[in-house]
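Engineer: First, the structure itself, so that you have it in front of you.
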Amino acid sequence: MFPGAALLKAFSLVFPLLAVSSLAEQMSREGCGETKGCLFKPAGCDPSLDCTIAVVFFVDGPNSLRIQLVAQSILPPVPLQYIAMAFSHDAQMGEDAVTECVLGSSGSFGGGEPEVFLSYNHGKANDRIYLNQTESGIMIKNIEGGLIDGRLTCQFSQQIIPQMSSKGEQIWPLNHKYFIMGATGSAQPDDISIPSFFSNDPFAFTK
């Protein structure tokens, strides 16, 4: 399930390829709306300092979308926290394709690296999509993340046009126009608690 705050944006994105930067490099507003798409809460915040949640994304290679997520740690700390990005056909939460990064209070998931999952919002409920190891490796690559100064960070690359089953049309090709939403909240090993997503305008991605 998916509880929390929400962020939304929608418009056409045809960005030049950007090199993947390391997590050591701070997120910034530079290039937003030009070489990358950005959603920040609250508006005007600095993603490297004081955003409650920040979502940055750009095309980083053929059929590859790089997604960078940052959120303030929940206080008091919870065992697992997620940061998520949702793709929606409208500005309302519900019937959305979701990509979520789950980290523990130590900055890892289950004592290992951050985990990235695909899920789907059925109305106000969120269900995780089961992917085997091969499918997960096809869809999501180059995962990095951790806990830095009380802030959860996560970045990874996701296929724009999935080279695998749509799992009952719950995994969407991203080369269409979508409203983009962001959210953070507490997570369980098998799902997330759903908050409202926050968003702005719609985006369109190209492969």
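Engineer: What residue, among those in the stretch 117-138 that are over 16 Å from the mean Cα position of the chain (by Cα) and of a type in the set (Val, Ile, Thr), is surrounded by the most Cβ atoms within 10 Å (Cβ to Cβ)?
Structural biologist: In this case the residue turns out to be ILE138.
Engineer: For the condition modelled with pLDDT under 90 and more than 11 Å from MET27 (Cα to Cα), what is the one hit in ILE53, ILE74?
Structural biologist: ILE74
Engineer: For the stretch 139-152, give me each residue that is exposed (fewer than 14 other Cβ atoms within 10 Å of the Cβ) and within 19 Å of PRO173 (Cβ to Cβ).
Structural biologist: None - no residue of the stretch 139-152 is exposed (fewer than 14 other Cβ atoms within 10 Å of the Cβ) and within 19 Å of PRO173 (Cβ to Cβ), so the list stays empty.
Engineer: Return the pair list, or none, for Cβ contacts closer than 7 Å from residues in the stretch 122-134 that are at pLDDT 90 or above to residues that are part of a strand (DSSP E or B), at least 6 apart or on different chains.
Structural biologist: Here the result reads ASP127/SER119; ASP127/TYR120; ARG128/PHE117; ARG128/SER119; ILE129/LEU118; ILE129/SER119; ILE129/TYR120; LEU131/LEU118, each pair linking the stretch 122-134 to a residue that is part of a strand (DSSP E or B).
Engineer: Checking the structure you have, find out if any residue of the stretch 149-169 is part of a strand (DSSP E or B), more than 14 Å from the chain's Cα centre (by Cα), at pLDDT 85 or above and not acidic (Asp, Glu).
Structural biologist: Filtering the stretch 149-169 for residues part of a strand (DSSP E or B) gives 151-159.
Pick out the ones that are also more than 14 Å from the chain's Cα centre (by Cα) and you get 151.
From what is left, the residues that are at pLDDT 85 or above are 151.
Remaining after also requiring not acidic (Asp, Glu): 151.
Checking the stretch 149-169: at least one residue is part of a strand (DSSP E or B), more than 14 Å from the chain's Cα centre (by Cα), at pLDDT 85 or above and not acidic (Asp, Glu).
Engineer: Then there is this: Can you tell me which condition LEU118 does not meet? The list is (1) farther than 18 Å from GLN188 by Cα; (2) touching a helix residue (DSSP H, G or I) at 6+ places or on another chain (Cβ under 9 Å), and all the others hold.
Structural biologist: (1)
The values are calculated or read from the model by the stated rules, or taken from the named source; none is laboratory data. Values in this document were obtained by computation on a predicted structure and should not be read as measured data. Backbone-built Cβ (ideal geometry, glycine too); neighbour counts: all protein chains shown.
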